[in-house]
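Here's the structure, in structure tokens; my notes come after.
The values are calculated or read from the model by the stated rules, or taken from the named source; none is laboratory data. Computed from a predicted model, the values in this text were never measured in an experiment. Don't worry about glycine lacking a Cβ; one is built from the backbone with ideal geometry, like all the others, and counts go over all protein chains shown. Side chains included, ligands, DNA and RNA excluded: accessible areas come from the protein's heavy atoms. Shrake-Rupley method; radii C 1.70, N 1.55, O 1.52, S 1.80 Å.
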Amino acid sequence: MLTLGSSAKPISLGEFTASLASIARFESSPFLAVAVSGGPDSLALAILADRWARERSGQICALTVDHRLRPESGDEIRRLGAWLSARAIRHKVLVWTGAKPRTGIQEAARFARYRLLGGWCRDHACLHLITGHHRDDQIETHLIRRRAHSGQDGLAGMSAIRELADCRLLRPLLGVARDRLVAFLEAEGQPFISDPSNLNPAFERSRLRQGDGVPVGNSRLLGEIHVLGRTRAAREHERDTHLARFVSLHSAGFALFDPAMMAETPPEMAERLLSAVTAAIGGASYPPRRARIVRLLANLGEAARRGHTVGGCRFIRWRERILVTRELAKAAPPVRLRPGERIVWDRRFEIMTPRADGGPFTIGYLGLPEAPRLDLRTPQLGRARAPRLLLSILPGVWDEKGIAAVPHLGYAREGVVGLPQIVFRPVNPLTQAGFAVV
């Protein structure tokens, strides 16, 4: 538990209100989830967000993730809970259970943290998750990415708004220096917790802080990051405009785009569009290297109709368009579903299975060897038949009797109950909330 002397000016509720208003709009009685570790950044955020919400007849819930990585974390969380309770702030603790990896622990912890936070927001119908990332964090992100030779988009740092699968992530403090948050807590007489892992030289951010330090007062660097952010926002808006014009997505998980895109957009923009489509349809964790996208662009410009594969996608000319489908060789295998289960399959489809009797069912692509054969003469298919080129990449549901349903053909075998709901929600959406600067 720490308090630190600070000569900085505390952040005001008015400043916090203006920052939130600049990046987002809210319901009339807002409900916010606030990620709170007990450190000065998140604790100041929780107090400010609570006052902001109460002024609007709303409420917050402070969420703390216990990663179970340090023996003292339990005592710290109990102390944090007492502080929040004294301010009548609702508090929930989410626990990262299971085995922990021996390497890449920070990345694994971050993934688990956002999975738990997003899951809580989904289960409690909370649209907004707010985190305490501040100006010093933004500068650190820029410097780390600059050392890694990131491109212009990466050097813009963190966006003030980001869409997650189950909520939107807001960072209203990105324009506020850390010492102003500490000063706010001092003015409140509020202690906070210091995480020793923030000083662990095994982590790059810690080494940066203990080396030359973060140049928080460097107005030139802050101005550079701001310009990079504005430029990225404008570039994303232009990209999204072209996507809306040239690309269409189908709920069955494939895309079509107009070949005119390659002639009517500059090469760099065409590469961005192809990269976005590839990420959405292929579902890969990382986008393809630029050299592969450049080569794909050149190949697609040729008249030949042969297919091309990049990033888990197959590109082929079809009906005066270019069809982009999942490459089956890179797709996830079929998965056995359990009643009441909700999963993301192949990083592209959200599967929700009712708790009612039915099944057991398996989901997989119809073109995979494990899938039962679909009899195209089945009367229930009616006119809802897809071209053979597309049949293999459609998700199908089957049981021990064979194909039970092909939702995107509108087919369900007579008498089958408890079928899962299948929604195309790629982990890499084609478009998201635009990059936002505060």
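The table that follows gives values for the structure above.
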{"item": "Inter-probe distance in nm under a simple model that places probes 7 Å from Cα toward Cβ, at Ile144 and Glu320", "result": "5.0"}
{"item": "List Val437, Val310, Val294, ordered by accessible area with a 1.4 Å probe, largest first", "result": "Val294, Val437, Val310"}
{"item": "Overall Cα dimensions of the stretch 135-184, principal axis frame, Å, largest first", "result": "36, 30, 11"}
{"item": "Förster-model FRET efficiency, 60 Å R0, Ser7 and Thr309, C-beta, rounded to 0.05", "result": "0.50"}
{"item": "Whole-Å semi-axes of the stretch 267-345's equivalent ellipsoid (Cα gyration tensor)", "result": "28, 15, 10"}
{"item": "Residues Asp357 and Arg122, FRET efficiency given R0 of 30 Å [Cβ-Cβ distance, rounded to 0.05]", "result": "0.75"}
{"item": "Net charge over other residues, Cβ less than 9 angstrom from the Cβ of Leu323 (K, R count +1; D, E count -1)", "result": "+4"}
{"item": "Whole-number Å³ per residue for the convex hull built on Cα positions in the stretch 217-340", "result": "170"}
{"item": "Fraction in percent of alpha-carbon pairs per bin - 10 Å, the stretch 1-152", "result": "9, 34, 36, 18, 2"}
{"item": "Per-residue SASA entry for Asp41, accessible area with 1.4 Å probe, Å² rounded to 10", "result": "40"}
{"item": "Net charge of Cβ neighbours under 13 Å - reference Arg168; Lys, Arg +1; Asp, Glu -1", "result": "+1"}
{"item": "Val423 paired with Ala86, simple spin-label distance in nm, labels 7 Å along Cα-to-beta-carbon", "result": "4.2"}
{"item": "Check: the chain dipole with +1 on Lys, Arg Cβ and -1 on Asp, Glu Cβ, in debye", "result": "980"}
{"item": "Helix axis angle, 267-282 relative to the chain longest principal axis, alpha carbon, degrees", "result": "80"}
{"item": "Pair-distance profile P(r), taking every C-alpha pair of the chain, with 20 angstrom steps and integer %", "result": "21, 49, 27, 3"}
{"item": "Length released on extending from Lys401 to Met269, taking residue separation times 0.36 nm less the Cα-Cα span", "result": "42.7 nm"}
{"item": "Percent of alpha-carbon pairs separated by more than 29 Å within the stretch 264-415", "result": "28"}
{"item": "Counting all C-alpha pairs of the stretch 88-195, share separated by more than 21 Å (%)", "result": "53"}
{"item": "Solvent-accessible area per residue, Å², over the chain with all protein chains present [probe radius 1.4 Å]", "result": "50"}
